[in-house]
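Written below as structure tokens is the structure these notes are about.
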Amino acid sequence: MPRQAPVLHQTTKKQNNRRSVSLMQAVVATALALNIAPAPAAEPGDRSDGNFRVWSNEIRDYALKSLKDENALSLAAVPLNGPGIEQFINADTLMSPGSIMKLVTTYAALEILGPTHHWNTSFYMDGEVRGDTLDGNLYVKLGGDPKLTQERLWGLLGELRGMGISAVTGDLVLDGSYFRLSGGLPKFEDNGDNPYRPFLVEPSAYLTNLNLLHFQVRADERGTQAWTTPALTEVVLDNRVTALPEGPCPSRRSFTWQPVFHDDNRVTVRVSGELPQGCRTTAYMSLLPHEQYTASLIRSLLTDMNITIAGQDRTDTTPEDARLILRTTSPDLVTMVRDINKWSSNVMARQLLLTIGAETRAADDDDDRVTGIRAIYQWLEAKGINTAGMVIDNGAGLTRHGRITARQGVQILQHAWESPYGADLMASMPLIAMDGTMARRLRNTGLDGQGRIKTGFLEDVRSIAGFTRDETNTTWAVVGMINTDPAWNGQSVLDRVIYSLHYRPPTGTTVSQAGTTESSVQ
């Protein structure tokens, strides 16, 4: 690929005009925005170590002041296509990475599976069609699609109606044999009070619509109206929200959503609060097992099309002699990778790791998570990357056990930069101050679109990984991780890293001297 990465935004004329302001003014303005004290400007020609602080030491000192822990920050920054000096701070310390681990999984998938990889979901029948009736069972062979949405299923099932079918006499049978998971899935011990939140959804061959229910309440002159999407028969919304006269709309935190689970596998969700007229509140929750959710979703869509299924819902494998009647093919892997990294989708990343396992397993492999991890380690080691100590766990970073060093991370990014699919990976990462999980970070700093950064966030963990450009248009691979209790101030430290790489990149005599074992020009 070209050494000037095409996916990083070029500096616009407007930005050039803005940068006509002196560097010192930009530093001061941004320091105020980020609550960062600007470093004293060096006098012309005064570049001695005593008067011009080295880059890594400045970052280390700022991190120590902010975090009160000299070992909390692990950092690696490497120039890729221009002048610059590699920088390392605690770069060989194994750290908990949070969601930047998704870059390992998605980059591996692009090279192992290929950017055009697709997932198929197929419908089969084991009987015959007589008139408007399918006399037999309807099988759904699920292929591990990370994003099989309600809209895609609606379009697919509409074809049954187009075929003139209005009734199925047999059962609705879900086939989730695509994944093998003999060892089960590692549990994430969340410290929150809501186990139904979207980021906690687990992967499954039966996954559809991210296994989510979207609840909405709106107030108008009639009172409040509440509804659920998709509308599943097993889920009832008990609306206890009171309508108020027009006024400021309250935050989502002003409402209580309480699910009540019944013995017959149904769920009642009780919502309470007060909502001014013209306002709306929403919530996403995952309340049903994957198999139940998917079967209910398919039945709901068929009911909307006036198609009935007389039999029961069950799981089984599809008979070899069953006949294909419908199939939907997912968007390509590049599209999935973009969704995973822009918005940090845990369940899609975990689904992707299982897919790597399913597509690379040997005949006697019985756990696709383990096989997927093994395939990624082998792929990394073939590139010459030392994987010692690295723990991928579930591929999403949603784990207390994941580990990687900043040096390992930046080496992976260096290989990605040279990869035929590097542009696809970079395009999937959030743009600084513009979209995804970076949309609200480093605003009003002149860095809009100047880098593509994946972020990570867990209790006691903050992290970044990606590519950022300095003022001379040199692109840097950067990995930064903060592990400390508490880590709430870690974001400002990592933002300072990106900001400093742009406006004060370590070049010339700005030599890395962060620690006796990691210092100097390399």
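The values are calculated or read from the model by the stated rules, or taken from the named source; none is laboratory data. Model, not experiment: these values are computed from the prediction. When we count neighbours, we look across all protein chains shown, and the Cβ atoms used for this are built from the backbone with ideal geometry, even at glycine. Ligands, DNA and RNA are stripped out before the accessible areas are found, and what is left, the full protein with its side chains, is counted by its heavy atoms. Shrake-Rupley method; radii C 1.70, N 1.55, O 1.52, S 1.80 Å.
Some observations on this one:
- Qualifying residue in the stretch 269-290 (condition: of a type in the set (G, A, S), loosely packed, with under 15 Cβ neighbours inside 10 Å, modelled with pLDDT of 95 or more and at positive phi): yes
- Number of the condition not met by K187 [criteria: (1) closer than 30 Å to A358 by Cα; (2) surrounded by 12 or more Cβ atoms within 10 Å (Cβ to Cβ)]: (2)
- Some residue of the stretch 310-325 being open to solvent by less than 10 Å² (accessible area, probe 1.4 Å) and either within 17 Å of H290 (Cβ to Cβ) or touching an Asp or Glu at 6+ places or on another chain (Cβ under 8 Å) (or both): no
- A residue that is over 25 Å from R299 (Cβ atoms), among the charged types (D, E, K, R) and touching a Ser or Thr at 6+ places or on another chain (Cβ under 8 Å) occurs nowhere in the stretch 221-234.
- Qualifying residue in the stretch 129-138 (condition: part of a strand (DSSP E or B), touching a residue at least 12 places away in the same chain (Cβ under 8 Å) and among the basic types (K, R)): no
- Some residue of the stretch 347-360 being part of a loop (DSSP other than H, G, I, E, B) and modelled with pLDDT of 95 or more: no
- Subset of the stretch 87-112 that is buried (at least 20 other Cβ atoms within 10 Å of the Cβ) and part of a loop (DSSP other than H, G, I, E, B) - its residue that is farthest from the chain's Cα centre (by Cα): N90
- Among the residues of the stretch 201-239, those that are without any contact (Cβ under 8 Å) to a residue 40 or more places away in the chain, surrounded by fewer than 14 Cβ atoms within 10 Å (Cβ to Cβ) and at negative phi comprise R222, W227, D238.
- Meets criteria (more than 30 Å from D132 (Cβ to Cβ), charged (D, E, K, R) and in contact (Cβ under 8 Å) with a residue 60 or more places away in the chain) for E274: no
- Residues that are open to solvent by less than 10 Å² (accessible area, probe 1.4 Å) and out of contact with any Gly (no Cβ under 7 Å at 6 or more places or on another chain), drawn from the stretch 120-137: S122, F123
- Annotation for the stretch 286-302: no member residue is in a loop (DSSP other than H, G, I, E, B) and among the charged types (D, E, K, R).
- Residue within the stretch 247-259 that is open to solvent by 20 Å² or more (accessible area, probe 1.4 Å), without any contact (Cβ under 8 Å) to a residue 60 or more places away in the chain and in contact with an Asp or Glu (Cβ under 6 Å, 6 or more places away or on another chain) present: no
- Flag if T303 is without any contact (Cβ under 8 Å) to a residue 24 or more places away in the chain and at negative phi: yes
- Among the residues making up the stretch 413-433, those that are assigned to a loop (DSSP other than H, G, I, E, B) and either open to solvent by 30 Å² or more (accessible area, probe 1.4 Å) or modelled with pLDDT under 95 (or both) are P420, Y421.
- Residue match in the stretch 434-450 (condition: more than 21 Å from S500 (Cα to Cα) and either among the basic types (K, R) or not in a loop (DSSP other than H, G, I, E, B) (or both)): yes
- Pick from the stretch 115-128, criterion hydrophobic (A, V, I, L, M, F, W, C) and part of a strand (DSSP E or B), ranking: nearest to A416 (Cα to Cα): F123
Each row is one residue, and each column tells you yes or no for (1) within 17 Å of P289 (Cα to Cα); (2) open to solvent by 50 Å² or more (accessible area, probe 1.4 Å); (3) of a type in the set (G, A, S).
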residue	(1), (2), (3)
R161	no, yes, no
T169	no, yes, no
L172	yes, no, no
S177	yes, yes, yes
L181	yes, yes, no
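- Members of the stretch 372-405 found to be among the β-branched types (V, I, T), crowded, with 21+ Cβ neighbours inside 10 Å and without any contact (Cβ under 8 Å) to a residue 60 or more places away in the chain, listed by number: I373
- Condition check for S463: open to solvent by less than 30 Å² (accessible area, probe 1.4 Å) and in a helix (DSSP H, G or I): no
- Index of the failed condition, A283 passing every other in (1) assigned to a loop (DSSP other than H, G, I, E, B); (2) under 30 Å from R218 (Cβ atoms): (1)
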